[in-house]
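K.L.:
Shown below is the structure under consideration.
The values are calculated or read from the model by the stated rules, or taken from the named source; none is laboratory data. In this text the structure is predicted, and so the values were computed from the model without any measurement. Positions of Cβ are backbone-derived with ideal geometry, glycine not excepted, and every protein chain shown enters the neighbour counts.
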Amino acid sequence: MLIEDEKNFSRFVELELTHENYSVSVAYNGNDGLQLGMSEEWDIILLDLMLPGLDGIEVCKKLRENKKTPILMLTARDSVDERVRGLDCGADDYLSKPFAIEELLARIRAILRRQEDNKKEESRRLMVLDLEVNLDSREVWRDGEPVELTKREYDLLLAFMNNPNRVMSRELLLDTVWGFEAAVDTNVVDVYVRYLRNKIDRSKAKSYIQTLRGVGYVMKR
């Protein structure tokens with residue numbers, strides 16, 4: 001999305017972006033830009049600093065209260081103070097006018113790459129309620145506090161977090177965590193569920209892992 005009040009300039013940018021196979025929507029003042037920015041999920045927002053109605057700083061602040069959409073600020077003002085204001089209000093990058101369209105396209109690509117990298121990083125984490133697991137480092141947190149687990153406890157926790165709201169029988173948990181060839185009794189599942197509860201529940205009134213008598217266990221979101 002492009003929020004820019006200079007219509008000739010905005011048309012030029014829109015045409016160049018469209019030529020590069022981007023789909024572009026345009027707003028010509030701060031109020032319309034804010035409304036459009038809040039109503040849709042955008043890959044990136046190009047935001048002019050000097051706008052009628054709400055200026056770019058205010059639009060950026062209000063968008064940041066509710067959205068994580070990348071914002072690239074465009075402005076004719078090139079002072080250090082203005083750049084700092086733009087970045088401090090939540091912009092991801094800042095480009096001074098006049099600029100070469102190639103630089104704008106390069107900055108857009110760079111921002112979108114960072115977004116893709118962030119999404120990949122987020123995909124390597126699991127979260128259920130306030131339990132979080134980093135799959136790369138195998139670290140576990142509950143409400144921001146680290147939780148120390150043994151390998152078996154960690155594998156058991158992963159089995160539950162990968163299947164939230166799914167009732168899992170002792171046999172299924174045994175196969176998933178210990179392996180179907182493991183020569184252990186299903187009672188070992190009960191023992192390790194108890195170990196795990198002692199570490200992740202702490203003072204919680206209600207356990208993360210619920211027991212369904214005669215059926216198995218379930219971790220509810």
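K.L.:
Could you please tell me which pairs satisfy a Cβ distance under 7 Å, a separation of 6+ or placement on different chains, a first residue in region 10-25 that is in the same structural domain as Ile101 (by TED's automatic domain parsing), and a second residue that is part of a helix (DSSP H, G or I)?
P.N.:
What qualifies is Glu16/Ile101; Glu20/Leu105; Val24/Glu14; Val24/Leu17; Val24/Thr18; Ser25/Leu36.
K.L.:
Another question, if that's okay. How many of the residues in region 179-191 are part of a helix (DSSP H, G or I) and at pLDDT below 90?
P.N.:
1
K.L.:
Can you find a residue in region 177-197 that is among the basic types (Lys, Arg) and free of Cβ contacts under 8 Å to residues at least 12 places away in the same chain?
P.N.:
Scanning region 177-197, I find at least one residue that is among the basic types (Lys, Arg) and free of Cβ contacts under 8 Å to residues at least 12 places away in the same chain, so the answer is yes.
K.L.:
For the list (1) touching a strand residue (DSSP E or B) at 6+ places or on another chain (Cβ under 9 Å); (2) surrounded by 17 or more Cβ atoms within 10 Å (Cβ to Cβ), I need the number of the one condition that Val177 fails.
P.N.:
Among (1) touching a strand residue (DSSP E or B) at 6+ places or on another chain (Cβ under 9 Å); (2) surrounded by 17 or more Cβ atoms within 10 Å (Cβ to Cβ), the lone unmet condition for Val177 is (1).
K.L.:
If you take the residues of region 58-84 that are over 25 Å from Ile101 (Cβ atoms) and touching a residue at least 24 places away in the same chain (Cβ under 8 Å), which of them is surrounded by the fewest Cβ atoms within 10 Å (Cβ to Cβ)?
P.N.:
Asn66
K.L.:
Do we find a residue being assigned to a helix (DSSP H, G or I), out of contact with any Lys or Arg (no Cβ under 8 Å at 6 or more places or on another chain) and among the aromatic types (Phe, Trp, Tyr) anywhere in region 12-26? Steps first, answer last, please.
P.N.:
Taking region 12-26 first, the residues assigned to a helix (DSSP H, G or I) are 12-19.
This time we only want the ones that are out of contact with any Lys or Arg (no Cβ under 8 Å at 6 or more places or on another chain), so: 12-19.
Imposing the further condition that a residue be among the aromatic types (Phe, Trp, Tyr) reduces the set to 12.
Taking every residue of region 12-26 in turn, at least one turns out to be assigned to a helix (DSSP H, G or I), out of contact with any Lys or Arg (no Cβ under 8 Å at 6 or more places or on another chain) and among the aromatic types (Phe, Trp, Tyr).
K.L.:
Restricting to region 35-52, and then to whatever is in contact (Cβ under 8 Å) with a residue 24 or more places away in the chain and farther than 16 Å from Leu74 by Cβ, can you tell me which residue is surrounded by the fewest Cβ atoms within 10 Å (Cβ to Cβ)?
P.N.:
Restricting to residues being in contact (Cβ under 8 Å) with a residue 24 or more places away in the chain and farther than 16 Å from Leu74 by Cβ, the top hit is Glu41.
K.L.:
Does region 156-174 contain at least one residue that is over 30 Å from Val13 (Cβ atoms), surrounded by 13 or more Cβ atoms within 10 Å (Cβ to Cβ) and among the acidic types (Asp, Glu)?
P.N.:
No - not one qualifying residue is present in region 156-174.
K.L.:
Can you work out which of the residues in region 205-221 that are more than 28 Å from the chain's Cα centre (by Cα) and of a type in the set (A, V, I, L, M) is farthest from Leu172 (Cα to Cα)?
P.N.:
Per the criteria, the residue is Ala205.
K.L.:
A further question on this structure: For residues in region 93-136 being under 17 Å from the mean Cα position of the chain (by Cα) and touching a residue at least 60 places away in the same chain (Cβ under 8 Å), which is nearest to Leu74 (Cα to Cα)?
P.N.:
This residue is Ile111.
K.L.:
Do we have Gly37 as among the small types (Gly, Ala, Ser) and not in a loop (DSSP other than H, G, I, E, B) here?
P.N.:
It is true that Gly37 is among the small types (Gly, Ala, Ser) and not in a loop (DSSP other than H, G, I, E, B).
K.L.:
Among the residues of region 198-221, write down those that are in a loop (DSSP other than H, G, I, E, B), of a type in the set (Gly, Ala, Ser) and in contact (Cβ under 8 Å) with a residue 12 or more places away in the chain. First the steps, then the outcome.
P.N.:
First, the residues of region 198-221 that are in a loop (DSSP other than H, G, I, E, B): 201-208, 213-215, 220-221.
Among the residues that remain, those that are also of a type in the set (Gly, Ala, Ser) are: 203, 205, 207, 214.
Passing the criteria: none in range.
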